[in-house]
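A.B. asks: Quick one: this structure, given as structure tokens, is what I'll be asking you about.
Nothing in this text is a laboratory measurement; each read-out follows from the coordinates by a stated rule. A quick note: this is a predicted structure, and the numbers were derived from the prediction, not measured. Backbone-built Cβ (ideal geometry, glycine too); neighbour counts: all protein chains shown.
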Amino acid sequence: MLQLAEHVAETLDIGPGTRVFEVDCGAGEFLYPFFINGFVVGGTDADADAIEQATVAMPQGIFQVATSEALDPAVAWDVVICRSLGSLSAAASAKAEAPSSDYMRGLVARMFAKATHAVALLDVPEQHQRALMHALTEAGAQAIQIEGAHLFARV
């Protein structure tokens, strides 16, 4: 996690004090390296126990029990990250084989509306990359960078 967090910070040219928000953050494992290096962290997850663990590990963090569908773009963060499209689509995959393009477009639009600097979609399965690139373009991304399974976009 540390290496990926460092890569994200370097790629997005962010440093201590930057507000980093993760959708479906679990217990905050990915956010922890940011937290200990002086970033402001926050996130949402549908699992209340995981959010409690994140809050204990990062007491100054801003965490909330919520699904990705309930992501509130009204509260802005510098960077909004989604590490795993697969885990986010658990509800969607219960109804369908894979997340729909509408689901992905909606998620990207909410993330993009919440971000003031950049959006990062990490560990994106190859079959979803093209649709997510289109969703970022539709949302108004200024620049999209693809690195393997990771997509970065500037707001």
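A.B. asks: Under the 0.36 nm per residue contour assumption, what length would be gained going from the current alpha-carbon distance of ASP13 and ASP49 to full extension?
C.D. replies: Separation in residues times 0.36 nm, less the Cα-Cα distance, equals 9.7 nm.
A.B. asks: Run the dipole for the chain about the Cα centre, Lys and Arg Cβ at +1, Asp and Glu Cβ at -1, nothing else charged, and hand back the magnitude in debye, nearest 20.
C.D. replies: In debye, rounded to 20, the chain gives about 400.
A.B. asks: Right, another one. Over the stretch 2-154, what is the relative contact order in whole percent, taking alpha-carbon pairs under 8 Å and six or more residues apart?
C.D. replies: 19 percent
A.B. asks: Sticking with this structure for a sec: What is the calculated FRET efficiency for GLU147 to ASN37, with r their C-beta to C-beta distance and R₀ = 30 Å, to the nearest 0.05?
C.D. replies: Approximately 0.90, to the nearest 0.05.
A.B. asks: Rounded to the nearest 0.05, what FRET efficiency is calculated for THR137 and VAL65 with R0 set to 35 Å and r the Cβ-Cβ distance?
C.D. replies: 0.65
A.B. asks: Another question about this same structure. Pick from ALA74, ALA46, ALA57 the residue whose mean-square fluctuation is largest in a GNM of the chain, springs joining Cα atoms under 10 Å.
C.D. replies: Comparing ALA74, ALA46, ALA57 in a Gaussian network model of the chain, the most mobile one is ALA74.
A.B. asks: Now, a different point. Based on the alpha carbon coordinates of the stretch 2-154, what radius of gyration and maximum Cα-Cα distance (Dmax) apply, in Å?
C.D. replies: So, for the stretch 2-154, Rg and Dmax equal 14.3, 41 Å respectively.
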